[in-house]
Amino acid sequence: MAIPSPFHEKTSALCTSLKWKEWAGYYAVERYQFNHDQEYFAFRESAGLLDVSPLFKYEIRGKDALKLMNRVLCRDVGRMKDNQVAYSCWTDERGKVLDDGTVARFSPERFRLFSAHPSYYWLLQNAQRLDVEVQDITVQTGALALQGPRSRAILSQLADVDKLRYFHQIQTKVDGFYVVISRTGYTGDLGYELWVEAEHANKLYDAVWAAGKDYNILPAGILALDMVRVEAGFIMVDVDFRSCTYCVTDDQMSTPYEIGLGWTVHMDKGPFIGKAALEKEKRQGSAWSLVGLDISLEELEKLFDARALPLDLPCATWRGVVPLFDSLTNRQVGYATSGVWSPLLKRYIALATVQSRYAKLGTVMKMEALIDTDRRHVSARVVQKPFLDPARKKSVGSDVALVPALV
Amino acid sequence: MDIDTLILGSDPNALACAASLANQGQKVVILESRDHAGGVYAREGGLPWRTPLRPRMRRELGLLDEPPLDPVAFCPLSDKTHFTLWQDVEKTRQELARLSQSDAQRYAGFKSFMDRMIAFAEPLLDQTPVGPDAAHWASLVDAANIGLRFKSLSHSDALGLMRLGPMAVQDFLEESFEHPAILGAMALPAFEGRFAGPRSPGTAATLLYHQLAGPRVALGGVVEDLVAAGTRRGVELRFGQQVESILVEVGRCTGVRLQDGTVVRATRVVSALDPKRTFLELIPPLELGPELVRNVTNLKMRGATALVRLKLSRTPRFACLGEQDPAPYLRGRIHFGPDIEAMERAYDDVKYGKLSERPVLEGRFSEPTQLDLRVKFVPFGCSEDVRERVLSTLEAYLPDLRECLQEALVKTPSDLEAEYGLSGGHLHQGEHNLHQLHFCRPLPGYADYSSPVERLFLCGSACHPGGVGTGAAGANAAREILSTNLERAKSAVSTPVGAGLAVGTGVALAGVGALVASLVKKPKKGKEAKDNGHSKPVS
Amino acid sequence: MKTYDAIIVGGGHNGLVAAGYLARAGLKVLVCEKRYVLGGCSATEEIYPGFKFSVCSYVVSLLRPEIIRDLELPRHGLEILPLPSTFCPQPDGKRSILRTDDSMESYRNVAQFSRRDAEVLPRFARQMTRICRFVKPILSMVPPDMDSWNPNELLKLLELGRGFRTMDPELRYDVIKLFTMSAVDYLEDWFESPELIASMSVSGIIGTFLGVRSPGTAYVLLHHYMGEIDGVFRAWGLPVGGTGGISLSIARAAQAFGAEIRTEAGVKQLLLKGDQVRGVVLENGEEIGARAVLSSADPFVTFKKLVPEGQLDPRLLDSLKHYKFRGSSGKVNMAVDRLPEFTCLPGMGKHLKGDISIAPSVDYLERAYDDAKYGNFSRRPFINVVVPTVSDPSMAPPGKHVISCFVQYAPYQLKDKSWDDERESFGDAVVDTLAEYIPGLKKSILFRQVLTPLDMEREFGITEGNIFHGELSLEQMFFLRPIAAWARYRTPLQGLYQCGSGVHPGGGIMGAPGQIGAREVLKDLKQKRPAHR
């Protein structure tokens, strides 16, 4: 049985569709309304408010906190400044990805780590003989994501976020209680995440809601999030790759390089778990690569037309395993794991894992597509990720916030 | 002069390793934290006996042969009778006959079965274990050797050996014997270094295992002898050296840092300390991967033996001997009486973290006025009065013990850890459980005395073949160290995967072939006639 | 004299499986069952009006999927309901370990005891799955013949060796540990919460005369993990209609293939001509001829009772003496007039549909074992409780329930006492213990059946009441089960085969001994097909 998040009182009142799903043991809203389009556009045009409390949250404190973080994470947290946030993955000793998430540095002796899967055991296992305390603050901490071009205008009524830079955080007070606001998110857009003690969760929700009223704030669910994250080229654990904790065979596991997270691996930082294996892979190259795909609408249209049907596009992200074939030999060379029709880009996009020699930009493969009842092949071209990368995501000046995403 | 090898600790394994390396011209320095060599094996340590040094080592170092303790076990019983297991089979048979005719009849057969098993397995002590990962030609030879010797076993012996492995010592012995005291006396060695009782499966293997190195000998001056042999070859011993950490630079061991800050550098470091101390205390925490740390943490090292030294004003009177002169009985081991059920009950207590109500006491008069005892079972962190429990148990056999008692020195497992750095107070640096033997000792992949840190080796009884003071681990480690080409990293030693597999399959084939061949030999009539006396199941 | 191709002694699940396979191959087959009902230890009986009991065995998971397919058991009535949880109430009356089919629910529950352990659970499950993949093929193979130069036998050995060698070293170490360690020692390698360790360790002692701290029990733990339902390891199920439902479905399948099944037809002895089996004599004196006789009885019954004296090599019989039966478990079945209500988790819930263990601590379990070591039944025993009526209402009248309690330890040999005198006080000990967790239990009992190992021996013919036909200890497994010379389903007597749990791969409602035994019979019969057929 799932349990309610700290914001449940608020979200359940707003969830008129009664469409819930389970997320890490919590009730999470799939979509608030009967159609999630509005929620998607809120993320891209005004502001979407999403309860992300089910994320696992850990606080790491102590003299050796930096040491522990640098031992576990692939990324060099020594380079981070205080109140900076970073995205990283972490691997086992064989360089196989355990999970990905963000790490916030409060000070060299205090960090917070946010992850999709429970990570307490792994932190503890690696903290042995270090002067560090790992605390699971998942239950005690509520988390809200406010994402979209208007999010800054909304939040600046509550806190001083105008100067807050991309992947940085401030510690502030809202209505007298402690809130951490980080300029992070899973939408690839201007946006913030707010971390608050569970007991103040509803008050925070109300405050954000009130501030957002004039800016068309909308509560948003997982379906809308799943669309924007594909546009942003963000991968999702258990969907686009698997945590090696839950894999039975090596084939099911991935390394950071294989899932496009090579950029988070800092080889120059000294030893960390998995380094030797990753160094080897970096030298020898990876067998697999994660790419973005653009699926040919013309071909799809023709196929539907041949069945006398109008073009039917996935207006919500599908998650699964859709085979990809070499366009000449028809041998399977990879698989797409999530895909969606982007209403903003007007393109059918997908994330896929392919053999590395098919990962070059411009490579065309065949992707299996379901045309009503028939399985057919359509062309899918490897394109640059992210599919959508608005300038406002990183901008500091408030003027840029309202420039359309695609300009 | 630069130090070739730095050895941490100075127990017989360390000393044996040092002497062997020095024999090959290495400059060897031993760092010992105390002011004398030997650790718990020093005369002050309180060990009543030990296993003899390996013959090859004795020859190499020019040491004298060590006479086995005889009696094997003198067993005073609580009903004021007694019996004795002697080295001599016939003499023992007569003793057993007083308790049970059937046991006496079966003794010779049992003994000869065990002897054949020992003959088969003993050479393993001097070999670096061949594991399933073995990919080196030398291992292939060793494996073939094992296979051939297995082949030389009779069909029934081969089956007997396979059955013996997982059995409980009580079940195993009950196939031959019936008298509870005889069962108890026979079973006793099975608990050396085990946290187990007579009914615990796997103890039959320990029984065999502890006899491989030959009959027990007096503790004697083994440490002095080895120190002298080492010193003659140029080994330098430094006392009072508290090692704070092992220095590791880029995955390679370069020396140690002492607690006073001094750095001692050496080409390689060999630790005779147990793996928990070596890996979890001395090596800096970030140098080892979490999987290894987990495996080391999980090593079973539950010390349950206390050493008690009773200093007496005279030899006490044995209730069971009456006016008889005890001298002939006191030359060997003495096993103060509990039958096999009492031993199980003694183990029951320690399971719950309590000192045994009636501990199992085995001892030896190392001098006429000094009784050294091994006391089982004493839990780690025991807060109960071990001294009193021992004395009150002994009184049943030695009625005037308290009158002649001058001093009782007790070393519980906690004391052993504190004084000698033995983690968990375990005298063998790791239980002799089946999963901690041979190629799994101390851990799979490191049975060749190597470690995850380049140029750091282990040579203590935590390594194959464990045991008490045979020095075999030290000598084997020295051999491995000398054959390891330092310029090659450990990973480079193993042959490429394909070749490794091919060779490995060869090993498996040789082993299996020999195994099958040995079993193919049908029991021969004459052989079986000879076997009739012993009780091993035959088929 | 009536003659068959094959007669199967014993109509338990293994005997019936063997019959099914032989009949399917076109043989004329007869099953002789001593009791009035089929199933042996997997039988359902209405021993109290309106209430049906899985008298002995009570859950299923090891039943080989290929048997279900080959004999088309679902068509013959096999239905298995998944057990959704394992539940271990704690003596404080507040907490409980509840692991369910909902992984996050289990995570949160275990995290109350140890957050670390909650995260280790899926890692542990993954490791077990990987190891089971290595061990599983062994379950369906004939143990290699150590006496043979036959290349097939050598290949089998090599294959095993290669599987072991090519295994991930980390996995291999775990295999070694599982085969040699105690359940508690092994679990302590993974977990830190004593409550969780205790609740998980009990799988390691089922059917053995060992404690959770005795080496060798980790293997039994694995043996229980090997169970699978629809391909999922570690899934246990409740057969609809009790375990007799399984036996009946197999019996119907066998009959559909043409097998003849007779109940109340106990076999007294084998008919021999030289060392060739000719048939059997029933207890009523009837003689029936057969080219092959398959005994699904345990090795003691087969070799000491069915085979006339003096027919076997005395030295081999001597080694059979060392084969350990040592029954250690009892069964208490109850009919109750209401749903059992646990103090720590009152009311109906997933926990009642699953498997319930009274195993509050490792020391508790060890003390239960200590009692048995010295010849007493456990004063405070380990109890495995299942309430089948919560999932399968066909077993009792509406609103009423059946409680099945598997109890350890109840040693076959009591010291200075007889089970006939102790039976009811044993039952009381079980009820008293259970009542500490279910306060209303005593008042709700309408009927109680206590089965001691002695009762099981008398009623079901299992020697010393051992539910596995001999302990699953390493020295009596694989090519050593029951003894080396007789480990390959055949016996020194031509035409006599074994197909019970006393041969590889051992006990549990697995059916594999019956299946492999039948396969071996078919091989032999094919080689020497008689002229008259």
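Strictly under 4.7 angstrom between C-beta atoms: which cysteines of chain B have no such partner?
B:75, B:253, B:320, B:382, B:404, B:440, B:463
In deg cm²/dmol and to the nearest 500, what is the mean residue ellipticity at 222 nm of chain B if only DSSP H runs of at least 4 residues count, each as -39500 (n - 2.57), divided by the residue total? Don't jump to the answer; show the numbers that get you there.
Numbers: 19 runs with 197 residues, N = 539.
Here the helix-only value at 222 nm equals -11000 deg cm²/dmol.
What list of ³J(HN,Hα) couplings, whole Hz, do you get for region A:13-30 from phi and the Karplus terms 6.51, -1.76, 1.60, once you set θ to phi - 60° and write x for glycine and proline?
For region A:13-30, the Karplus-derived couplings read 5, 8, 7, 6, 7, 6, 9, 10, 9, 8, 10, 6, x, 10, 6, 9, 6, 7 Hz, x marking Gly and Pro.
Kindly rank A:359-369, B:472-482 from highest to lowest mean number of other beta carbons found within 10 Å of each residue.
B:472-482, A:359-369
So if I take the centroid of the Cα atoms in region A:144-220 and the same for region C:253-311, what is the distance between those two points in Å?
81
Please list 3J(HN,Hα) in residue order for region B:78-88, calculated via the Karplus relation 6.51 cos²θ - 1.76 cosθ + 1.60 where θ = phi - 60°; whole Hz, with x for glycine and proline.
Residue by residue, region B:78-88 yields 5, 8, 6, 9, 7, 8, 9, 9, 9, 4, 6 Hz.
May I ask you to derive the relative contact order of region C:114-234, considering only C-alpha pairs under 8 Å and at least 6 residues apart, and to give it as an integer percent?
27
What whole number of Å gives the distance from the Cα centroid of region B:156-195 to the Cα centroid of region B:228-243?
Cα centroid to Cα centroid, the span is 41 Å.
As a check on your grasp of the helix formula, calculate [θ] at 222 nm for chain A: sum -39500 (n - 2.57) over DSSP H runs of n ≥ 4, divide by the residue count, round to the nearest 500.
-5500 deg cm²/dmol
What percent do you get for the relative contact order of region B:305-420 when only Cα pairs under 8 Å and 6+ apart count?
The normalised contact order for region B:305-420 reaches 41 percent.
When only C-alpha pairs under 8 Å and at least 6 residues apart count, what is the relative contact order of region A:287-383, in percent?
In percent, rounded to a whole number, it is 36.
Could you line up C:205, B:118 from fewest to most neighbouring Cβ atoms inside 10 Å?
Ordered by Cβ neighbours within 10 Å, fewest first: B:118, C:205.
Taking θ as phi - 60°, what are the ³J(HN,Hα) couplings along region B:154-163 by the Karplus curve (6.51, -1.76, 1.60), each to the nearest whole Hz, with x for Gly and Pro?
Karplus values, whole Hz, x for Gly and Pro: 6, 3, 6, 5, 4, 5, x, 5, 5, 6.
Name the residues whose placed amide hydrogens come within less than 5 Å of the amide hydrogen of residue B:82, ignoring near sequence neighbours (fewer than 5 apart) on the same chain.
Sorted by chain and number, the residues that satisfy this are B:77.
Which Cys in chain C stand alone, with every other cysteine's Cβ at 4.7 Å or more from theirs?
C:32, C:88, C:132, C:344, C:405, C:499
Neighbour counts of other C-beta atoms within 10 Å: give me B:133, C:117, B:79 arranged from fewest to most.
B:79, B:133, C:117
Mind sorting A:172, A:184 by how few other Cβ atoms lie within 10 Å of their own Cβ, fewest first?
Ascending Cβ contact count within 10 Å gives the list A:172, A:184.
Sort the protein assembly as shown into rounded, prolate or oblate with this rule: let a ≥ b ≥ c be the square roots of the eigenvalues of the Cα gyration tensor; rounded if a/c is under 1.5, and if a/c is not under 1.5, prolate when a/b is larger than b/c, oblate otherwise.
It comes out oblate by the Cα gyration axes.
Amide H to amide H under 5 Å from residue A:363: which residues, 5+ apart in sequence or cross-chain, H placed 1.01 Å off N in plane?
Placed amide hydrogens put A:382 under 5 Å from residue A:363.
Rounded, prolate or oblate, given the Cα gyration tensor of chain A, with a/c below 1.5 counting as rounded?
Note, shape of chain A comes out oblate.
Which cross-chain or sequence-distant (5 or more) residues have an amide H under 5 Å from the amide H of residue A:288, H modelled 1.01 Å from N in plane?
A:356
Which lysines does residue A:10 reach when only Cα atoms under 27 Å apart count, and residues fewer than 8 places away in its own chain are ignored?
A:19, A:21, A:57, A:173, A:203, A:213
Where does chain C land at 222 nm, in deg cm²/dmol rounded to the nearest 500, when only DSSP H runs of n ≥ 4 count, each adding -39500 (n - 2.57), divided by all residues?
Helix-only estimate at 222 nm: -10500 deg cm²/dmol.
Rule-based calculations on the coordinates, nothing more; no lab input. Just so it is clear, the structure is predicted and the values come from calculations on it, not from any experiment. Glycine also receives a Cβ, built like all others from the backbone with ideal geometry; neighbour counts cover every protein chain displayed.
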